[in-house]
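Comments concern the structure below.
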Amino acid sequence: MLQGILTLLLFQFVGECCAKLFVLNIPGPIIGMVLLLLFLLFRKSSFNALDVTVSWLLRYLPLFIIPAASGIITQIDTISKEAVAILSSLIVGTFLALAFSAKLIDVLISRKEKTHES
């Protein structure tokens, strides 16, 4: 498991270095995550130490949400002032996501049907 954690930290470190070196507006952990994805795609096989570590981290994922929830509670005044904007953006965003997902599924199903006909 230590090897998996070190792998995750190494990719986060490389991402941070890239963000600082190239003065990017993208956070370093995001760059590291993309680099890890590329590494795993090119490897084309499972990385056992990483699998064990990730499954362990996913088991405790709800604990990582607690600080965000407490941060929201501390900003209740701002949230109450901007409630209309927040609710309207949530509703519009939900309908846009549903419409996009429905259209994407429709396109994928029609493409699959065309390949089966050929």
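The table that follows gives values for the structure above.
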{"item": "So Gln3, is it of a type in the set (S, T, N, Q), closer than 22 Å to Ser55 by Cβ, surrounded by 15 or more Cβ atoms within 10 Å (Cβ to Cβ) and out of contact with any Lys or Arg (no Cβ under 8 Å at 6 or more places or on another chain)", "result": "no"}
{"item": "Contacts under 8 angstrom Cβ, first residue in region 2-31 being free of Cβ contacts under 8 Å to residues at least 12 places away in the same chain, partner assigned to a helix (DSSP H, G or I) and not small (Gly, Ala, Ser), 6 or more apart", "result": "Leu24/Cys18; Leu24/Ile31"}
{"item": "Residue list for region 6-27, filter: open to solvent by less than 60 Å² (accessible area, probe 1.4 Å) and either more than 17 Å from the chain's Cα centre (by Cα) or farther than 16 Å from Phe39 by Cβ (or both)", "result": "Thr7, Val14, Cys17, Cys18, Ala19"}
{"item": "Matching residues in region 39-54 - criterion: being surrounded by 11 or more Cβ atoms within 10 Å (Cβ to Cβ) and either part of a helix (DSSP H, G or I) or free of Cβ contacts under 8 Å to residues at least 24 places away in the same chain (or both)", "result": "Phe39, Leu40, Ala49, Leu50, Asp51, Val52, Thr53, Val54"}
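The values are calculated or read from the model by the stated rules, or taken from the named source; none is laboratory data. All values derive from a computational prediction rather than experimental measurement. Don't worry about glycine lacking a Cβ; one is built from the backbone with ideal geometry, like all the others, and counts go over all protein chains shown. Accessible surface areas use protein heavy atoms only, side chains included; no ligands, DNA or RNA. Shrake-Rupley method; radii C 1.70, N 1.55, O 1.52, S 1.80 Å.
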